[in-house]
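What follows is a set of notes on a single structure, which appears directly below.
The values are calculated or read from the model by the stated rules, or taken from the named source; none is laboratory data. Note that the structure is predicted; figures quoted are calculated from it, not measured. Cβ atoms come from the backbone with ideal geometry, glycine included; neighbour counts cover every protein chain shown.
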Amino acid sequence: MKLKNGGMLLLTAFIWGTAFVAQSVGMDHLGPFSFNGIRCLIGAVALLPCIWFLNRMNKDPETDGSEKEKSGKDLITGGVACGVLLFTASSLQQAGIQYTTAGKAGFITAFYIVIVPVLGIFLHKKIQWKVWMAVLLALVGLYFLCITESFSVGKGDVLVFLCALVFSVHILVIDHFSPKVDGVKMSCIQFFVSGILSLPVMFVLETPRLVSVTAAWMPLLYAGVLSCGVAYTLQILGQKNVNPAVASLILSLESCFSVLAGWIILGERLSFRESLGCILMFLAIILAQLPDKNNG
């Protein structure tokens with residue numbers, strides 16, 4: 001795996017992890033669908049000048065008409081598919097969090113690190129044994145990081161597990177389309193789709209007011225521009241030609257970064273269990289990288 005790809009995915013996990021602070025503050029003013037819908041649309045709009053600038057810089061030579069048409073179809077299909085999956089996953093997560101603890105939600109959501117290689121088997125993706133070892137090590141790390149109370153399964157846990165399943169499909173869809181299309185354009189389409197799908201639900205289930213939106217302007221900008229616009233685009237670019245099982249492992253470091261961000265920014269204490277969980281997860285990522293010279 002190229003160091004550049006790994007760096008992009010690591011930066012993605014870092015931005016997502018620190019965005020938990022912004023989401024926590026933003027939800028003091030807005031409902032979950034309002035916050036998600038507005039931040040997705042901000043993310044999409046933030047990418048438009050990037051696309052214009054990149055198009056000006058990378059003026060391609062004349063390409064075959066049928067090839068251009070095929071690439072355009074792949075771009076629309078991939079963007080819409082990713083947008084629908086992103087909306088579905090984030091909606092299930094928000095609904096599930098109401099009935100479970102944040103720690104359990106974080107642990108169950110990160111189950112995509114197991115689901116991705118399992119689904120990969122059905123798609124004939126070769127998974128090396130060291131990656132499986134890393135997945136198990138990361139799961140133990142996540143358990144120490146997220147679970148502090150007695151573990152029981154409730155309605156919220158089932159909803160969050162369904163969210164993890166959808167996120168797994170999201171990673172595999174990106175793996176399929178990212179080598180074929182412009183990653184920034186696909187990212188922009190997915191946010192417009194996810195944001196537009198959030199709007200009707202937002203107005204039916206919540207009562208968003210302009211005063212609430214303006215009160216949450218800073219978290220919305222952080223979550224919209226950085227967490228959506230920058231991080232999801234980095235995910236699409238970073239996943240290009242990378243084994244999705246390894247990519248999902250790196251992205252799962254989001255849990256570590258969220259705990260560390262809470263410790264540094266909000267002054268939350270880091271327990272021994274959480275510290276051990278972070279260390280085990282970082283070791284899992286290193287282990288997953290060792291055999292991957294031929295794979296990514």
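Annotations for the structure displayed:
- Filter result (among the acidic types (Asp, Glu) and either closer than 23 Å to Lys2 by Cβ or in contact with a His (Cβ under 8 Å, 6 or more places away or on another chain) (or both)) within the range 213-268: Glu254
- Taking residues in the range 39-62 that are surrounded by fewer than 16 Cβ atoms within 10 Å (Cβ to Cβ), and partners anywhere that are among the aliphatic types (A, V, I, L, M) and at pLDDT below 90, the pairs with Cβ atoms closer than 8 Å and at least 6 places apart or on different chains are Ile51/Val184; Leu54/Val184.
For every residue, the table says whether it meets (1) modelled with pLDDT under 75; (2) not aromatic (Phe, Trp, Tyr).
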| residue | (1), (2) |
| --- | --- |
| Trp52 | no, no |
| Lys59 | yes, yes |
| Gly65 | yes, yes |
| Ile76 | no, yes |
| Gly83 | no, yes |
| Ser91 | no, yes |
| Ala95 | no, yes |
| Tyr99 | no, no |
| Ala105 | yes, yes |
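- Filter pass, Leu199 being in contact (Cβ under 8 Å) with a residue 24 or more places away in the chain and on the phi < 0 side of the Ramachandran plot: yes
- In the set (1) within 25 Å of Leu283 (Cα to Cα); (2) surrounded by fewer than 19 Cβ atoms within 10 Å (Cβ to Cβ), Gly141 fails one condition alone, (2).
- Filter result (crowded, with 24+ Cβ neighbours inside 10 Å and outside any helix (DSSP H, G or I)) within the range 217-242: Gln239
- Residue selected from the range 243-273 under the condition small (Gly, Ala, Ser) and outside any helix (DSSP H, G or I), by the criterion nearest to Lys125 (Cα to Cα): Ser252
- Residues within the range 179-199 that are of a type outside the set (Lys, Arg), part of a helix (DSSP H, G or I) and over 15 Å from Arg39 (Cα atoms), tallied: 3
- Scanning the range 206-216 for residues that are surrounded by 15 or more Cβ atoms within 10 Å (Cβ to Cβ), not in a helix (DSSP H, G or I) and not charged (D, E, K, R) yields a count of 2.
- Selection over the range 163-205 of residues that are farther than 24 Å from Ile115 by Cβ, surrounded by fewer than 17 Cβ atoms within 10 Å (Cβ to Cβ) and either out of contact with any helix residue (DSSP H, G or I) (no Cβ under 7 Å at 6 or more places or on another chain) or modelled with pLDDT under 90 (or both) gives a count of 5.
- Qualifying positions in the range 269-292 - at pLDDT below 75 and surrounded by fewer than 14 Cβ atoms within 10 Å (Cβ to Cβ): Arg269, Leu290
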